[in-house]
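The values are calculated or read from the model by the stated rules, or taken from the named source; none is laboratory data. As the structure is a prediction and not an experimental result, all values here were calculated from the model. Here the Cβ positions follow ideal geometry from the backbone for every residue, glycine too, while neighbour counts run over all protein chains shown. Side chains are part of the model used for accessible areas, which takes the heavy atoms of the whole protein and leaves out ligands, DNA and RNA. Shrake-Rupley method; radii C 1.70, N 1.55, O 1.52, S 1.80 Å.
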Amino acid sequence: MRRSLLPFLTLAAIAAPALSQDAAPGSNPIIRDKFTADPAPMVDGDRLYLYVGHDEAQRDEMFNMKEWLVYSTTDMRHWTDHGPIMKVSDFKWAKKDAWASQTIRKNGRYWFYAAVEHDNTHPGKAIAVAVSDRPTGPFVDAKGSALITNQMTPKGTHSWEDIDPTVFTDDDGTSWIAWGNRQAYIAKLKSNMIELDGPIREITPPLFEEGPWLHKRGRFYYLTYASLDRATHRDERISYATATSLDGPWTYRGELTGSGKYSFTIHPGIAEFKGNWYIFLHNATLAIGDLNGAIGRRAVTVERLEYNPDGTLKPVVQTEAGVTARPARN
Ligand code: FUB
């Protein structure tokens, strides 16, 4: 997120036309009765769960995010609304800002990591961890304090550097957490999932802005993220890097998408579900009542994610049809 552009971006988004509420099930945006952002898919059994932040910005407010929601699907077309899983006020040490999150299953429990604003004891953004016995919650604060605070990454230049956690369990059972804004970091998690195991390492890839997402396919690890080329672009796009080990080195592979329509931010979430790969994103094309899309009123979308034979990713075109369109022929 880059603060100086925000008034302009909000005005640009006000031009968004209203979208039809009776579009084909599964077309983009996939949730149309609430503004949702920062999608984080998790596959569990027969179902894909989608964790999102709830955008509730009014008028010219920038962000107003107080809670996280979860939806699920078995067919990528029809989504069940399971409601809020947690409010930021459930973390007693946090002040506000239910920002980007990710949930993973480990040892039969569901671990939810999220960015929030810490209270004045540790000024700046922080990363929280919560746990539940069910993917739909309720989730409770698993630690009673932040997992990561702004003070733990002293090289950073700004107070919202420690946001957007992505959590990934490697083939050997070790779980890792990566996060960041402008600087990207990675650390191992202890098996209790609520403590770091060892040092924090910086892994900032080219043009990194925020929203890292870790996944693995075949021999490659992928670090996909919101990027911003300040010299040429006004809005974030998605870029990615690959490695053959989470210790790196990471090879920059370039841009994967353009910007989200009418949106300064964009945020990737990737999952394989029933033999197909998907990338979830957000844009600001949705209008609800007299509220149009804006920087704080986003809408989650999904597209197919396809690989080239060498493991690189095919460019993703953001569409209204989304997964309702026929898959492209190889
Ligand atoms: O939704 C609030 C923030 O905006 C997220 O943490 C960033 O990734 C960006 O989407």
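Go through the stretch 248-261 and report how many residues are in contact (Cβ under 8 Å) with a residue 12 or more places away in the chain, surrounded by fewer than 24 Cβ atoms within 10 Å (Cβ to Cβ) and either of a type in the set (Lys, Arg) or over 15 Å from Tyr307 (Cα atoms) (or both). Please lay out each step first, then the result.
Restricting attention to the stretch 248-261, the residues satisfying the condition of being in contact (Cβ under 8 Å) with a residue 12 or more places away in the chain are 248, 250, 252-261.
Filter once more, keeping what is surrounded by fewer than 24 Cβ atoms within 10 Å (Cβ to Cβ): 248, 250, 252-259, 261.
Applying the additional criterion that residues be either of a type in the set (Lys, Arg) or over 15 Å from Tyr307 (Cα atoms) (or both) yields 248, 250, 252-253, 258-259, 261.
Counting residues in the stretch 248-261 that are in contact (Cβ under 8 Å) with a residue 12 or more places away in the chain, surrounded by fewer than 24 Cβ atoms within 10 Å (Cβ to Cβ) and either of a type in the set (Lys, Arg) or over 15 Å from Tyr307 (Cα atoms) (or both) gives 7.
Which of the residues that make up the stretch 109-128 are away from the ligand (no atom under 13 Å from the Cβ) and among the small types (Gly, Ala, Ser)?
The first filter runs over the stretch 109-128 and keeps only residues away from the ligand (no atom under 13 Å from the Cβ), leaving 109-112, 118-124.
Matches in the stretch 109-128: Gly124 only.
So which residues in the stretch 29-46 are open to solvent by less than 10 Å² (accessible area, probe 1.4 Å) and within 11 Å of the ligand (Cβ to nearest atom)?
Passing the criteria: Thr36, Ala37, Pro39, Ala40.
Looking at the stretch 90-108, I want the residues that are more than 14 Å from the ligand (Cβ to nearest atom) and have a partner that is in a helix (DSSP H, G or I) and among the charged types (D, E, K, R) with Cβ atoms under 9 Å, at least 6 apart or on another chain. Which pairs are those?
Listed by first residue and then by second, the contacts come to nothing, as the list is empty.
Among the residues of the stretch 303-317, which ones are among the β-branched types (Val, Ile, Thr) and open to solvent by less than 20 Å² (accessible area, probe 1.4 Å)?
Listed by number, the list holds a single entry, Val316.
Every residue in the stretch 178-203 that is crowded, with 16+ Cβ neighbours inside 10 Å and part of a strand (DSSP E or B), please.
Just the residues of the stretch 178-203 that are crowded, with 16+ Cβ neighbours inside 10 Å, to begin with: 178-189, 193-194, 200, 203.
Ala178, Trp179, Gly180, Asn181, Gln183, Ala184, Tyr185, Ile186, Ala187, Lys188, Leu189, listed by residue number.
I'd like the residue in the stretch 275-302 that is open to solvent by 30 Å² or more (accessible area, probe 1.4 Å) and in contact (Cβ under 8 Å) with a residue 12 or more places away in the chain and, out of all such residues, is farthest from the ligand (Cβ to nearest atom).
Initially, the stretch 275-302 is screened for residues open to solvent by 30 Å² or more (accessible area, probe 1.4 Å), giving 275-277, 288-290, 292.
Right, trim to in contact (Cβ under 8 Å) with a residue 12 or more places away in the chain and you get 276-277, 288, 292.
Numbers: Asn276: 25, Trp277: 21, Ile288: 17, Asn292: 18 Å.
Looking at the filtered set, the residue picked out is Asn276.
Looking at the stretch 204-240, which of the residues that are buried (at least 23 other Cβ atoms within 10 Å of the Cβ) and small (Gly, Ala, Ser) is farthest from the ligand (Cβ to nearest atom)?
Ser239
The rows are residues; the columns are (1) charged (D, E, K, R); (2) in contact with a Phe, Trp or Tyr (Cβ under 9 Å, 6 or more places away or on another chain).
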position: Ser132; (1), (2): no, yes
position: Val140; (1), (2): no, no
position: Ser175; (1), (2): no, yes
position: Tyr185; (1), (2): no, yes
position: Arg201; (1), (2): yes, yes
position: Pro212; (1), (2): no, yes
